[in-house]
Every structure is written in structure tokens, then in C-alpha cells.
Amino acid sequence: MGDTVLFEDEVNAAMSAALDNGLSVTALHNHFFFDHPKVYFMHIEGEGAVDKLAGAVRKVYDAAKQIRAANPNPKDSFGAARLPEKSSITAAPLNEIFGAQGESKDGMVKFTFGRPATMHGVNIGKDMGVNTWAAFAGSDDNAVVDGDFAVTEDQLQPVLRSLLKDKINIVAIHQHMTHEEPRIMFFHYWGGGTAKDLAQAVKGGFLISGLSDVSSPLP
């Protein structure tokens, strides 16, 4: 088990290195306010032969070092193209990808899918905040997506791998509740690209997390 201290632009490279080398990533968060540059803490765990585990951890550290070697000063953005002042996302193609009707407002489109759970014997779900969502802004050809995944502990690592593979950035991993059943992990993400490509990337994570709503297109 361990905790890795990272600058913002090192997080996703280090996380990919951890997952690609057999480690699990169990939390990502900040410890401070007003720190410059912003520092994040990524918690990892793994099991196996000591030399294999040490080699995997070294890969994580090397990934962060490569980012700093390329640019000594931490970046202050993901480097995506500047978005238009007004959003104009076309909902229909995204509705088809997700097999659901998104909520449209001010040129942006949002999809929300609930997950059933209980807490202190009370049923909780979508309307109580146990949900996975994706919000799209910008234009069809120059869009961003951000959102939150609600996954079980067993689903966390494969969904992280899926999104990172498709260049979606993970920006936080944590819990929102205590004593819930099943235990739910939440992680927040951010990506840039065409709206369709982003939707397909996020849909891959949706399917791994067992959201049946997105298993087939709208009729």
C-alpha cells in the first residue's frame, strides 16, 4: 500500500502506469487548499512478489518523472482547444450512443443514470445522488465532457482502465457515503475531443459498470 504525491499534469500518466503494471488505484484527492502548484495524492495497492511490486511502483514514479523532464513547470490546463463562447452540442447523436434521452440546456447535454443501493436500511439511488452522469459542452467538433461515475469496488479498476485508454482524464476518486450497500466508489473525470468520440469513450465505462440503459441504441 502507498500514497504518491503528484502534480495535476502527472496524475493520469502515473495512474495509467499503476494500472498497466498490476497495481490498483484506490483514491485520488487533495490534502490542501491554496497550494501552488496544486498537489494531489494518489493511493495505490497491490499484491504479489516483492520485486514485481517494487518494479510496478517504480514505473509509477518514472511516469511522473517523464512528465517533469518534458516540462519542468506543471501545466495549468489539459491543453485542449479553446471552447466556443456558446455551446451548441447536437443531442441526437449522443442520445443514440447512450440509448437514452439527454437533458439539453443552453447548448449543453447531460445524461444521468442511477444505481440502486441502500444506506441504513433505506433505499437510495439516482435522486439521492447515487448516479453516474456525463455532461457535454462546446461544439460537436470541439467538446468537453465531465462527470462522475458511481461504481462498486470490483468495477473501479476496469472502468478506470477503460477511460484512461480512451484519453479521458481522471480527476478524483473517493467515497460520498458510509454504511451503504453495496459499497459505492465515486470518481470524477474530464475529457476533450469531438462530442461523439467522448460519448463513445464514456459509454465504454458505462457498460463495464453494468449500466443496462446504454447497452443498446434508442429504437
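Any read-out appearing in this document is the output of simple, stated calculations on the displayed coordinates, not a laboratory observation. Everything numeric in this text was worked out from a predicted model, so none of it was measured. Virtual Cβ from ideal backbone geometry, glycine too; neighbours counted across all protein chains shown.
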- Show that you can apply the helix-only estimate: for the chain, add -39,500 (n - 2.57) for every DSSP H stretch of four or more residues, divide by all residues, and state [θ] at 222 nm to the nearest 500. -9500 deg cm²/dmol
- Label the range 64-129 by shape, choosing from rounded, prolate and oblate, from the square roots a ≥ b ≥ c of the eigenvalues of the Cα gyration tensor; if a/c is under 1.5 it is rounded, and otherwise prolate applies when a/b is larger than b/c, oblate when it is not. oblate
- For Rg and Dmax of the Cα atoms in Å, with candidates [x] 16.2, 52; [y] 18.8, 59; [z] 18.1, 54, the value calculated from the shown model is option [z]
- Message: Below 8 Å between Cα atoms, with a sequence gap of 6+, how large is the relative contact order for the chain in percent?
- Response: 20
- Among MET15, MET128, MET185, which one shows the biggest mean-square fluctuation in a GNM of the chain, springs joining Cα atoms closer than 10 Å? MET128
- Message: With +1 on the Cβ of every Lys and Arg and -1 on the Cβ of every Asp and Glu, and nothing else charged, how large is the dipole of the chain about its Cα centre, in debye rounded to the nearest 20?
- Response: 300
- Euclidean distance of C-alpha centroids, the range 1-40 and the range 100-122, integer Å: 28
- Message: To test your reading of the geometry: what angle, between 0 and 90 degrees and rounded to tens, separates the Cα axis of helix 50-70 from the longest principal axis of the chain?
- Response: 70
- Query: Roughly what angle does helix 11-20 make with the longest principal axis of the chain, taking Cα atoms, 0 to 90 degrees, to the nearest 10?
  - Reply: 80
- Message: As a test of the definition: which semi-axes, in Å, follow for the range 2-70 when you take the square root of five times each eigenvalue of its alpha carbon gyration tensor? Largest first, please.
- Response: 22, 14, 8
- Task: Choose one of GLY114, ALA199, HIS29: the residue whose Cα lies farthest towards the positive end of the charge dipole of the chain (beta-carbon charges +1 Lys, Arg; -1 Asp, Glu; about the Cα centre).
- Result: ALA199
- Note on the structure: The extension gain from THR152 to LYS75, computed as 0.36 nm times the residue separation minus the Cα-Cα distance, is 24.5 nm
- Task: Would you mind checking LYS59/LYS126; LYS75/LYS203; LYS52/LYS110; LYS38/LYS167; LYS38/LYS59 for any pair whose Cα atoms are more than 31 angstrom apart?
- Result: LYS59/LYS126; LYS52/LYS110
- Point-charge dipole on Cβ atoms (K/R +1, D/E -1) for the range 91-214, about Cα centre, debye to 20: 160
- Gained length - ASN142 relative to GLN200, 0.36 nm times residue gap less alpha-carbon distance: 19.4 nm
- Message: Given bins 5 angstrom wide, list per bin the percent of all Cα-Cα distances in the range 91-214, short to long.
- Response: 2, 11, 23, 24, 19, 12, 6, 2, 0, 0
- Taking 0.36 nm per intervening residue step and subtracting the Cα-Cα distance, what contour gain separates HIS188 from ASP106 on full extension? 27.3 nm
- Message: Only Cα pairs within less than 10 Å get springs; with that Gaussian network setup on the chain, which residue of VAL39, VAL144, VAL122 has the largest fluctuation?
- Response: VAL122
- Item | Folded to 0 to 90 degrees: helix 153-165 orientation relative to the chain principal axis, Cα | 90
